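To keep things clear, I will list the structure first and then write my remarks on it.
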Amino acid sequence: MPEQILDDISHRRYNPLRGTWLLVSPHRTKRPWQGQQESASKITLPDYDPACYLCPGNKRAQGDTNPKYTNTFVFVNDYSAVKEDQAEYKPEENTKDLSSLLLRAESVTGKCYVLTFAPNHNLTLADLSPKEILPVVQAWTEIYKAHLSPDSPLAKVSLPTKLEPIGLSLAAPNAQYRWMQIFENKGAAMGCSNPHPHGQVWTSTGLPDEAAQELVQQKKYRHEHGGCSLLGDYAKLEMEKEERIVFQNATFLVVCPWWATWPFEVMIISKQHKRALVDFDDEEKQDFAEAIAEVTRRYDNLFETSFPYSSGIHQAPLEGTDEEIEASHFHMHFYPPLLRSATVRKFLVGYELMAEPQRDITPEQAAARLRDCGGTLYRKLLQ
Ligand SMILES: [Zn+2]
Ligand SMILES: [Zn+2]
């Protein structure tokens with residue numbers, strides 16, 4: 001296999017999804033694996049915290065009281081990064097003026113939600129079964145659906161469902177937003193201030209840079225390869241090669257991507273061409289919940305710690321051209337910072353900030369380690 005030599009030599013790998021490169025230096029990890037240096041950590045948080053603004057029945061900073069919810073609960077962020085209403089800003093359009101050329105700005109409005117993953121303060125996605133994660137997937141789908149442009153072909157998708165309704169009530173947004181970013185910051189290392197399991201959903205009028213860049217690349221690939229989806233082709237290739245697969249079920253493939261930047265970066269990719277959450281039927285939603293459970297449990301088992309990461313879903317824009325919507329291929333990224341143990345983390349510094357991302361352990365090695373971390377969550381065996 002010609003790629004075998006890449007285990008030993010420094011090289012660059014291309015990320016077709018962003019159109020960028022990264023430096024891989026596998027020779028720096030030739031020393032034997034040291035294993036974790038800390039003892040396995042138990043979670044010592046209480047099941048309910050009277051001071052937590054996400055626990056059921058508690059009062060939030062701005063005075064609202066959370067319902068006594070049993071699975072997920074969604075509310076508009078009390079401290080939203082973008083708001084639905086604000087003062088208008090219309091910059092003067094004078095292209096000859098240096099300020100309008102070099103000091104550009106545009107107004108952004110939107111709506112931000114917080115979504116809890118469980119009523120229990122001390123659980124994480126890794127502790128939850130696929131069945132318990134399913135209501136979260138349903139909530140994401142409903143929020144996405146409620147914000148879709150009525151002109152989008154996705155707004156007409158209506159698959160029959162036998163799933164128990166989660167009882168979500170959402171006020172309609174004031175405006176049509178362009179993009180919805182579903183994400184989770186887990187752990188203090190990723191700047192998460194509250195351990196209660198939760199994620200966020202931000203919608204905005206503008207298309208954010210990461211989304212825009214991936215959309216350009218996916219459209220270009222589709223155009224150049226007769227209507228094929230970039231990630232659909234990539235998933236097929238990974239299933240053939242079997243070198244970077246961590247887990248798979250009928251609907252999803254979990255891989256450490258060829259171009260991974262973070263040491264144990266993972267992507268959940270839909271095997272079929274699905275554009276967005278609304279394209280998944282009941283069984284496929286269950287498969288997505290299972291894929292999330294597999295990733296998060298393996299992460300915690302890897303260094304026997306509550307593994308920090310940022311994760312996020314990329315799918316079709318809420319409002320877009322037919323071309324943009326058809327080129328979008330549903331996937332979820334996990335970017336975790338840990339490298340060798342619960343305390344040794346990777347920083348994107350120096351060369352990464354000034355030149356391009358760099359990694360030592362190869363995605364193939366990372367995938368092999370995550371493959372071996374399946375089974376029971378380590379802390380359930382500690383009691
Ligand atoms: Zn809580
Ligand atoms: Zn993406």
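Across the stretch 101-123, the qualifying residues are those that are polar (S, T, N, Q) and touching a Pro at 6+ places or on another chain (Cβ under 7 Å), and the one among them that is farthest from Leu168 (Cα to Cα) is Asn122. Condition test on Ala366, is it closer than 26 Å to Tyr144 by Cβ, touching a residue at least 24 places away in the same chain (Cβ under 8 Å), buried (at least 20 other Cβ atoms within 10 Å of the Cβ) and not charged (D, E, K, R)? It is false that Ala366 is closer than 26 Å to Tyr144 by Cβ, touching a residue at least 24 places away in the same chain (Cβ under 8 Å), buried (at least 20 other Cβ atoms within 10 Å of the Cβ) and not charged (D, E, K, R).
Taking residues in the stretch 173-202 that are modelled with pLDDT under 95, and partners anywhere that are crowded, with 23+ Cβ neighbours inside 10 Å and in a loop (DSSP other than H, G, I, E, B), not one pair has Cβ atoms closer than 6 Å while being at least 6 places apart or on different chains. Scanning the stretch 299-312 for residues that are surrounded by 22 or more Cβ atoms within 10 Å (Cβ to Cβ) and within 16 Å of ligand 2 (Cβ to nearest atom) gives Tyr309, Ser311.
Is it the case, given these coordinates, that Asp209 is away from ligand 1 (no atom under 16 Å from the Cβ), without any contact (Cβ under 8 Å) to a residue 24 or more places away in the chain and within 18 Å of the chain's Cα centre (by Cα)? Talk me through it step by step, then tell me what you get.
On the way: away from ligand 1 (no atom under 16 Å from the Cβ): yes; without any contact (Cβ under 8 Å) to a residue 24 or more places away in the chain: yes; within 18 Å of the chain's Cα centre (by Cα): yes.
Answer is yes for this residue.
Looking across the stretch 256-268, the residues that are more than 19 Å from Arg340 (Cα to Cα) and crowded, with 24+ Cβ neighbours inside 10 Å come down to Met267, Ile268. Only one entry of Pro32, Pro46 meets the criterion of being out of contact with any Asp or Glu (no Cβ under 8 Å at 6 or more places or on another chain) and either in a strand (DSSP E or B) or modelled with pLDDT of 85 or more (or both), and that entry is Pro46.
Each row is one residue, and each column tells you yes or no for (1) in a loop (DSSP other than H, G, I, E, B); (2) touching a strand residue (DSSP E or B) at 6+ places or on another chain (Cβ under 8 Å); (3) aromatic (Phe, Trp, Tyr); (4) within 16 Å of ligand 2 (Cβ to nearest atom).
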{"position": "Ser149", "(1), (2), (3), (4)": "yes, no, no, no"}
{"position": "Pro160", "(1), (2), (3), (4)": "yes, no, no, no"}
{"position": "Pro165", "(1), (2), (3), (4)": "yes, no, no, no"}
{"position": "Gln181", "(1), (2), (3), (4)": "no, yes, no, yes"}
{"position": "Pro195", "(1), (2), (3), (4)": "yes, no, no, no"}
{"position": "Gln200", "(1), (2), (3), (4)": "no, yes, no, no"}
{"position": "Thr203", "(1), (2), (3), (4)": "no, yes, no, no"}
{"position": "Leu207", "(1), (2), (3), (4)": "yes, yes, no, yes"}
{"position": "Tyr221", "(1), (2), (3), (4)": "no, no, yes, yes"}
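Exactly one residue out of Pro16, Pro26 is at pLDDT below 90 and either closer than 30 Å to Trp262 by Cα or in contact with a helix residue (DSSP H, G or I) (Cβ under 8 Å, 6 or more places away or on another chain) (or both), and it is Pro26. Looking across the stretch 324-342, the residues that are more than 10 Å from ligand 2 (Cβ to nearest atom), small (Gly, Ala, Ser) and surrounded by 20 or more Cβ atoms within 10 Å (Cβ to Cβ) come down to Ala327, Ala342. For the stretch 267-298, a residue qualifies if it is over 17 Å from Val255 (Cβ atoms), within 16 Å of ligand 2 (Cβ to nearest atom) and assigned to a helix (DSSP H, G or I), and exactly one does: Leu277.
Yes or no: Thr109 more than 16 Å from ligand 1 (Cβ to nearest atom) and either out of contact with any Gly (no Cβ under 8 Å at 6 or more places or on another chain) or touching a residue at least 12 places away in the same chain (Cβ under 8 Å) (or both)? Steps first, answer last, please.
Working: more than 16 Å from ligand 1 (Cβ to nearest atom): yes; either out of contact with any Gly (no Cβ under 8 Å at 6 or more places or on another chain) or touching a residue at least 12 places away in the same chain (Cβ under 8 Å) (or both): yes.
Yes.
Okay, residues lined up against (1) at pLDDT below 95; (2) of a type outside the set (Gly, Ala, Ser); (3) in a loop (DSSP other than H, G, I, E, B):
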residue: Ala316; (1), (2), (3): no, no, yes
residue: Glu319; (1), (2), (3): no, yes, yes
residue: Ile325; (1), (2), (3): no, yes, no
residue: Met332; (1), (2), (3): no, yes, no
residue: Leu348; (1), (2), (3): yes, yes, yes
residue: Glu352; (1), (2), (3): yes, yes, no
residue: Ile361; (1), (2), (3): yes, yes, yes
residue: Ala367; (1), (2), (3): no, no, no
residue: Arg379; (1), (2), (3): yes, yes, no
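Selection of first residues in the stretch 325-337 that are over 21 Å from Pro363 (Cα atoms) and free of Cβ contacts under 8 Å to residues at least 60 places away in the same chain and of second residues that are of a type in the set (Phe, Trp, Tyr) and within 16 Å of ligand 1 (Cβ to nearest atom), restricted to Cβ pairs under 7 Å at least 6 apart or on distinct chains, gives an empty result.
For the stretch 71-107, a residue qualifies if it is under 25 Å from Tyr177 (Cα atoms), surrounded by 11 or more Cβ atoms within 10 Å (Cβ to Cβ) and within 22 Å of the chain's Cα centre (by Cα), and the qualifying residues are Thr72, Phe73, Val74, Phe75, Val76, Asn77, Ser80, Ala81, Val82.
The values are calculated or read from the model by the stated rules, or taken from the named source; none is laboratory data. Note that the coordinates shown come from a computational prediction; the quantities given were computed from them, not determined experimentally. Backbone-built Cβ (ideal geometry, glycine too); neighbour counts: all protein chains shown.
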